Amino acid sequence: MNNDDFYYRKLMVYHKSVQLVANIYQLSRQFPQEEHYGLTNQIQRAATSVPSNIAEGMGRFSNKERVHFLEIANGSLMEVMCQLEVATLLGYINQQQFDEQEIFVNETIKMLVGLRNHFEQLV
């Protein structure tokens, strides 16, 4: 088995979303300990859901299913943004950290929508 067996690894949006996971884990380390089972866990799970759903979608044989999993990944990106807003409001991250992640998430969304549109045209 080699990298060619895992098509999703060829996708820039997959690599970008994996970096988002790393970013979120790094940021959430500064959340208070009492948030470990709350916002910290939720934002980490939402972020991890993005590349996981991209990978799962690319493992499907029908383009309709691929589109479905890419839409789930997009929903998870929206969830991450919501949770980043909450973290900012609560003072767990500062405005600059939020702004940097917002730019990163927007770039990821654009790439994901482009990929989704590609597969949608093939349905």
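Read the figures in this text as sums done on the coordinates, not as results from a lab. Keep in mind that what you see is a predicted model, and the values were worked out from it rather than measured. A quick note on method: Cβ atoms are made from the backbone with ideal geometry, for glycine too, and the neighbour counts reach across all protein chains shown.
Here are the numbers for this structure:
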| quantity | calculated |
| --- | --- |
| Residues of the range 45-80 that turn out to be over 12 Å from the mean Cα position of the chain (by Cα) and among the β-branched types (Val, Ile, Thr), as a count | 1 |
| Identity of the residue in the range 1-44, over 13 Å from the mean Cα position of the chain (by Cα) and polar (S, T, N, Q), that ends up farthest from MET81 (Cα to Cα) | ASN2 |
| Leading residue by the ranking (surrounded by the most Cβ atoms within 10 Å (Cβ to Cβ)) among those in the range 1-23 that are of a type outside the set (A, V, I, L, M, F, W, C) and in contact with a Phe, Trp or Tyr (Cβ under 9 Å, 6 or more places away or on another chain) | TYR14 |
